[in-house]
Amino acid sequence: MGQDQTKQQIEKGLQLYQSNQTEKALQVWMKVLEKSSDLMGRFRVLGCLVTAHSEMGRYKEMLKFAVVQIDTARELEDADFLLESYLNLARSNEKLCEFHKTISYCKTCLGLPGTRAGAQLGGQVSLSMGNAFLGLSVFQKALESFEKALRYAHNNDDAMLECRVCCSLGSFYAQVKDYEKALFFPCKAAELVNDYGKGWSLKYRAMSQYHMAVAYRLLGHLGSAMECCEESMKIALQHGDRPLQALCLLCFADIHRSRGDLELSQLKLHCLSESIYRSKGLQRELRAHVVRFHECVEETELYCGLCGESIGEKNSRLQALPCSHIFHLRWGLLGGWGVGRVSAGHCRAQLA
């Protein structure tokens, strides 16, 4: 299969994928992978396969294609292709909750000389690293990474990246129990989708609606939470986004539990059990990861640098400074975005 035919088949697969004929698209792309001798075409189709398997929740397959893509990038001897493939490898490990590996691959991306890391992909690398730190409950480093990703988005007018960062910041503030900011950031993401997202995949709207649903539930606005979660689930079902479907089911269960609908809240238990049994015999690895995660949470203690009280035990408004130190907002450190806009000198003065 030559270069022109490879390109035509990749585009055919993309059209099928965008029309929700996912399995047919995968068949087309796999044939390209088997028959094409065009290295650039193979690299591109491997990227399509990585994305498709990510959205279907097939993370082991996603990782497999990311590894093959790295080998292809090395054959091409192109630093930008190598950067892109390492980023896909980092994302694959992030999805599999191998957060230490994610951080390592992200650092590899940032250390590659002469690539787009300083421009187009640097923000995506920082976002993936932030998600990994958040998964390990290393909150300050997570916030630092999200701040970097946000700066990349603003400097490059990348509204799509900004949308993704806002959703991650929503998760961050939900974990440290600043529920007002946990709602603010996904609302900002939803605004970006409305303003710029006509050509985007609907997954960005679904993603922002899901994070809004989580925040609304935590704030006790259960009607709004249900409305947002239903919208997110509707899009997830249309596009076969199984990971988002699972998250929405868990959110539905939490909403019903908050309402006192205890029988419906059992959905949460069933969904968690299903995810374990679907691990295809890797329960030992899953249990080991859970143990490691809880050990990390126990070792990571997050405290207000001024009052000394713990952060994350109850709902409270927080302020993050440019240095990524986090304080209770009652100390009056105000910032425009809520992520931190006061001067570094102000930070040093407060800590003195």
Looking only at residues in segment 23-56 that are closer than 17 Å to THR102 by Cα and β-branched (Val, Ile, Thr), which one is least open to solvent (accessible area, probe 1.4 Å)?
VAL50
Could you check segment 195-213 and list, in sequence order, the residues that are closer than 18 Å to ARG242 by Cα and among the aliphatic types (A, V, I, L, M)?
LEU202, ALA206, MET207, ALA213
Total residues in segment 213-246, condition over 28 Å from THR22 (Cα atoms) and open to solvent by less than 30 Å² (accessible area, probe 1.4 Å):
3
If PHE146 passes every condition in (1) within 17 Å of the chain's Cα centre (by Cα); (2) open to solvent by 20 Å² or more (accessible area, probe 1.4 Å) but one, which one does it miss?
(2)
Among the residues of segment 194-212, write down those that are surrounded by 21 or more Cβ atoms within 10 Å (Cβ to Cβ), within 15 Å of LEU161 (Cβ to Cβ) and among the hydrophobic types (A, V, I, L, M, F, W, C).
MET207
Hey, VAL68 surrounded by fewer than 20 Cβ atoms within 10 Å (Cβ to Cβ), at pLDDT 90 or above, among the hydrophobic types (A, V, I, L, M, F, W, C) and at negative phi or not:
yes
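Pick from GLY111, GLY135, GLY123: which is under 12 Å from the mean Cα position of the chain (by Cα) and not hydrophobic (A, V, I, L, M, F, W, C)?
One residue alone meets the criteria, GLY135.
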With surrounded by fewer than 21 Cβ atoms within 10 Å (Cβ to Cβ) and farther than 21 Å from GLY170 by Cβ as the only criterion, which of SER92, SER85, SER104 stands out?
SER104
Number of the condition not met by TYR59 [criteria: (1) within 20 Å of HIS239 (Cα to Cα); (2) surrounded by 17 or more Cβ atoms within 10 Å (Cβ to Cβ); (3) over 22 Å from the mean Cα position of the chain (by Cα)]
(3)
Tell me, yes or no, whether segment 205-212 has at least one residue that is of a type in the set (Gly, Ala, Ser), within 26 Å of HIS328 (Cβ to Cβ), touching a Leu at 6+ places or on another chain (Cβ under 9 Å) and in contact (Cβ under 8 Å) with a residue 40 or more places away in the chain.
no
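The values are calculated or read from the model by the stated rules, or taken from the named source; none is laboratory data. Treat the numbers as computed from the prediction; the structure is a model and nothing was measured. Glycine gets a Cβ as well: all are built from the backbone with ideal geometry, and neighbour counts include every protein chain shown. Heavy atoms of the whole protein, side chains included, go into the accessibility calculation; ligands, DNA and RNA do not. Shrake-Rupley method; radii C 1.70, N 1.55, O 1.52, S 1.80 Å.
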